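The values are calculated or read from the model by the stated rules, or taken from the named source; none is laboratory data. Predicted, not measured: the structure shown is a model, and the values here were computed from it. Here the Cβ positions follow ideal geometry from the backbone for every residue, glycine too, while neighbour counts run over all protein chains shown.
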Amino acid sequence: MLNLFDISFWEKYDINKSAIIDYLEFIQNIYEQQRHLDFGELHHIVPKSVDKALEKEKYNLILLSGEEHFIAHELLLECFNGENKAHMYYSYNLMCNTLKRNGYNVSPKDYESFRSEFKKLCKENNSGSKNPNYGKNHKGKINCGKNNPNYGKRYSEEKKEYLSQIKRGDKNVRYGCKHTEETKELIGKNSKGRVWVNNGVNNKFIRPEEIETYKSLGFIYKGCLIKGKNR
């Protein structure tokens, strides 16, 4: 079993040594208490995004209270450089966006400071050669445009009529099917309050608490609040 509290273990990552020491002291102090929590949240001492090989190792897991879990991720913001730093900000961003659900408390000033740094990191890690689509030429795809074997093909009027008929009336697989009142209620509850966002390629129908997360990923909030049905 690895000794995760040995600073030499962390030196293979791009770290800020003093920040890592503060983080490990915080975790070790909790670890040595060996207390019992009626309710807790599992925390990866070495974050999953930093070393996925340790994701399921029991010695890399510790049970923290909600407040301790939040503080741990706050300390991790300063522990890494480069891509891993962006990952820490992303994780912290998710926690900030679940304030009501988890009862955390972040001051508006701290949140604004964090958001500014988070946006900066997102831009740095998705610009130029760091962008996953950098240098790709979509026009060169084999099945695009005139290279597509179906390019220019048109259905005959008979074919169009056939396709339109097979989904009408009793030929439709859902003909005669009706939602139960319970299903209607569940659909309504699941849709209520959701909004549409778009990144120029994909549309997402998301909950209000997810808006900031998707905005940070390049999605634009558009449309009105959805109350009971898509509009």
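Just to be sure I understand the filter: pairs with C-beta atoms under 6 Å, separated by 6 or more residues or on different chains, first member in the stretch 52-79 and under 23 Å from GLU11 (Cβ atoms), second member assigned to a helix (DSSP H, G or I) and among the aliphatic types (A, V, I, L, M). Which pairs pass?
If the second residue must be assigned to a helix (DSSP H, G or I) and among the aliphatic types (A, V, I, L, M), the pairs left are ASN60/LEU54; HIS73/MET95; LEU76/MET88; LEU77/MET88; GLU78/ALA19; CYS79/ALA19; CYS79/ILE20.
Residue-by-condition table, conditions (1) modelled with pLDDT under 70; (2) part of a loop (DSSP other than H, G, I, E, B); (3) loosely packed, with under 12 Cβ neighbours inside 10 Å:
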{"site": "GLU74", "(1), (2), (3)": "no, no, no"}
{"site": "TYR89", "(1), (2), (3)": "no, no, no"}
{"site": "ASN93", "(1), (2), (3)": "no, no, no"}
{"site": "SER116", "(1), (2), (3)": "no, no, yes"}
{"site": "LEU121", "(1), (2), (3)": "no, no, no"}
{"site": "LYS159", "(1), (2), (3)": "no, no, yes"}
{"site": "SER164", "(1), (2), (3)": "no, no, yes"}
{"site": "GLY176", "(1), (2), (3)": "no, yes, yes"}
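Considering only residues that are within 23 Å of GLU209 (Cα to Cα) and free of Cβ contacts under 8 Å to residues at least 40 places away in the same chain, which ones fall in the stretch 162-192?
Within the stretch 162-192, GLU185, LEU186, ILE187, LYS189, ASN190, SER191, LYS192 meet the criteria.
Would you pick out the residues in the stretch 32-62 that are polar (S, T, N, Q) and closer than 17 Å to HIS73 by Cα?
Matches in the stretch 32-62: SER49, ASN60.
Count, please, the residues in the stretch 31-72 that happen to be in contact with a strand residue (DSSP E or B) (Cβ under 8 Å, 6 or more places away or on another chain) and not in a helix (DSSP H, G or I).
14
Check LEU2 against each of (1) assigned to a loop (DSSP other than H, G, I, E, B); (2) closer than 21 Å to MET95 by Cβ and name the one condition it does not meet.
Evaluating LEU2 over (1) assigned to a loop (DSSP other than H, G, I, E, B); (2) closer than 21 Å to MET95 by Cβ leaves (2) as the failure.
For the subset of the stretch 191-215 comprising residues that are assigned to a helix (DSSP H, G or I) and under 19 Å from the mean Cα position of the chain (by Cα), which member is nearest to TYR90 (Cα to Cα)?
Applying the filter and picking the extreme gives THR213.
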